[in-house]
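These notes concern the structure reproduced below.
The values are calculated or read from the model by the stated rules, or taken from the named source; none is laboratory data. From a predicted model like this one, the values you see are computed outputs, not experimental measurements. All Cβ positions, glycine included, derive from the backbone under ideal geometry; neighbour counts span all protein chains shown.
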Amino acid sequence: MPSKRNFAVIGLGAFGASICDVLIEKGATVVAMDRDSGTVEQMKSRVSAAVLVDTTNEESLLKAPLEDIDVAIVAIGDNLEASILTTMLLKQRGVPYVVARAVSPLHDTVLRRVGANETVNIEVETGTRVARRLVALDVLDSIPLSSKVSLAEQVVPDYFIGKALGDLDIEKKMKVRLVGVLRLSLDLDDTGNSVRRETLIFPDSKDSLEEGDRLFLLGENKNLDAFQQL
């Protein structure tokens, strides 16, 4: 089971609040930050800790509880200057991984130049997908098909490598359906350079899984969550 990760979410509008809710639901430790006292007060009962802080102020950010944070999510969307300054200061503070919300291609470019490891340009519904992926690193993406059912893309668990699908019997044992496998391979082009190729496989019971395979799984969210713990 993956170790518990510590998150900071800066900016508690609809997008930031949705990320907080999913991270808490997944068992993560979440420190929520905003410079609006009313918003912080509302979040206190929903997260591990809610802190009133102006993250664009270097002195203020130095006092924020960021020592054990693994991932910081800058969810500020209505103030471009604030999101850029916050991202830059978080990296200066030594936060290992910073995800920042971008609202335009130019904003995206600037965020990356000041240190963002990843940028996203999404609204509340997709914020849930981002949070689920960050809390479970082997889950590459998850698309909700209904309130209870999703299609998830996940790296093959180590235990499954080299085993035939008929022996694993994923659908019966885990109650999720494997609908496809994306297999990555390296080949050489005509000039001798390495080329990465992707092959989508619709496997049968005799096929075996290989290291690096990406599985496309369909099922109820509770069963997908259980599969992700493998």
With criteria (1) assigned to a helix (DSSP H, G or I); (2) at positive phi, Gly27 comes up short on (1)
Notebook entry, point to check: Going by the conditions given, is Glu41 out of contact with any Ser or Thr (no Cβ under 6 Å at 6 or more places or on another chain), closer than 22 Å to Ser83 by Cα and either without any contact (Cβ under 8 Å) to a residue 24 or more places away in the chain or not assigned by TED's automatic domain parsing to the domain that holds Val120 (or both)?
Noted result: yes
Those residues of region 1-34 which are in contact with a Leu (Cβ under 7 Å, 6 or more places away or on another chain) and aromatic (Phe, Trp, Tyr) amount to Phe7
Per the filter on region 88-102, residues outside any helix (DSSP H, G or I) and surrounded by fewer than 16 Cβ atoms within 10 Å (Cβ to Cβ) are Gly94, Pro96
Of (1) surrounded by 17 or more Cβ atoms within 10 Å (Cβ to Cβ); (2) within 18 Å of Glu118 (Cα to Cα); (3) of a type in the set (D, E, K, R), Glu81 satisfies every one except (1)
Within region 99-137, restricting to residues that are at pLDDT 60 or above and of a type in the set (Ser, Thr, Tyr), the one that is farthest from Ile76 (Cα to Cα) is Thr109
Do we have any residue at all in region 30-41 that's assigned to a loop (DSSP other than H, G, I, E, B), under 14 Å from the mean Cα position of the chain (by Cα) and of a type in the set (Asp, Glu)?
no
